[in-house]
């Protein structure tokens with residue numbers, strides 16, 4: 001049984017499964033077979049969503065303008081077309097798995113990042129994209145909201161130096177169909193900060209220090225040191241971390257530079 005409203009339809013009347021939406025310029029009758037076939041994805045979408053509590057939505061979009069989304073929602077705005085969204089277009093351009101830039105969710109759940117991957121026919125033609133969303137709130141709750149001293153905080157940047165997450169970051173008045181941009185720390189006027197960020201986006205990190213048994217120092221050890229020494233100055237904290245890393249690695253030669261940035265907010 002199906003329940004339809006406008007260009008929306010759930011695959012089950014009880015709204016326990018996915019919902020599909022068709023782009024405004026698409027004739028539903030012309031893609032009815034694709035709609036019916038895509039319903040077979042429900043078991044996969046439900047399973048993926050149930051096994052990762054970090055996910056906000058899991059879904060697919062097709063070249064025909066069809067989107068199938070789980071969990072069920074009626075919150076997407078009129079005019080929604082998956083083919084025009086950044087998570088879809090970036091995959092088509094990259095021809096592979098892509099993490100999106102931060103953007104405003106069309107479903108009303110605030111700032112979001114998406115991991116998306118192309119789907120191909122046997123002949124290599126791309127026919128759609130599968131994707132999963134993680135909200136900024138989830139990133140903040142599980143990663144960013146680590147207290148660093150009394151006034152410090154953690155933040156997350158992408159490989160281009162753009163801030164992906166930090167405390168207090170919101171969408172403001174930006175709509176779902178407008179571009180959202182955050183500060184790029186590679187363009188910061190602080191030369192010291194810029195130099196550190198350049199090394200960070202190159203993949204260097206103090207957490208990657210290893211022992212002779214190839215055990216990594218890891219973010220948990222780093223967080224523990226910071227939390228146990230809230231009153232140290234930035235330089236004193238750097239010295240303490242360096243001492244801990246040297247002790248941990250037992251003189252093992254490292255394969256790359258190790259970068260550490262400490263900012264004390266007054």
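The values are calculated or read from the model by the stated rules, or taken from the named source; none is laboratory data. Here the structure is a predicted model, which is why all the values come from computation and not from measurement. We place every Cβ from the backbone using ideal geometry, glycine too, and count neighbours over all the protein chains shown.
If we scan the stretch 112-131, do we find a residue that is surrounded by 17 or more Cβ atoms within 10 Å (Cβ to Cβ) and at pLDDT below 90?
yes
With the requirement that a residue be surrounded by 15 or more Cβ atoms within 10 Å (Cβ to Cβ) and assigned to a helix (DSSP H, G or I), what does the stretch 160-193 give you?
If the condition is that a residue be surrounded by 15 or more Cβ atoms within 10 Å (Cβ to Cβ) and assigned to a helix (DSSP H, G or I), then 185, 186 are the ones that fit.
Does the stretch 48-60 include one or more residues that are in contact with a strand residue (DSSP E or B) (Cβ under 6 Å, 6 or more places away or on another chain), surrounded by fewer than 18 Cβ atoms within 10 Å (Cβ to Cβ) and touching a residue at least 60 places away in the same chain (Cβ under 8 Å)?
Looking for residues that are in contact with a strand residue (DSSP E or B) (Cβ under 6 Å, 6 or more places away or on another chain), surrounded by fewer than 18 Cβ atoms within 10 Å (Cβ to Cβ) and touching a residue at least 60 places away in the same chain (Cβ under 8 Å), one finds at least one in the stretch 48-60, hence yes.
I'd like the full set of residues that are in a loop (DSSP other than H, G, I, E, B), in contact with a strand residue (DSSP E or B) (Cβ under 6 Å, 6 or more places away or on another chain) and surrounded by fewer than 15 Cβ atoms within 10 Å (Cβ to Cβ), limited to the stretch 75-100.
Across the stretch 75-100, the qualifying residue is only 97.
Report every pair of residues separated by at least 6 positions or lying on different chains whose Cβ atoms are under 9 Å apart, first residue within the stretch 83-105 and in contact (Cβ under 8 Å) with a residue 24 or more places away in the chain, second part of a helix (DSSP H, G or I) and buried (at least 20 other Cβ atoms within 10 Å of the Cβ).
Short answer, once both residue conditions are applied: 88/82; 102/136; 103/87.
Considering 95, 140, which residue is at pLDDT below 90 and closer than 21 Å to residue 183 by Cα?
None of the others qualify; the one that does is 140.
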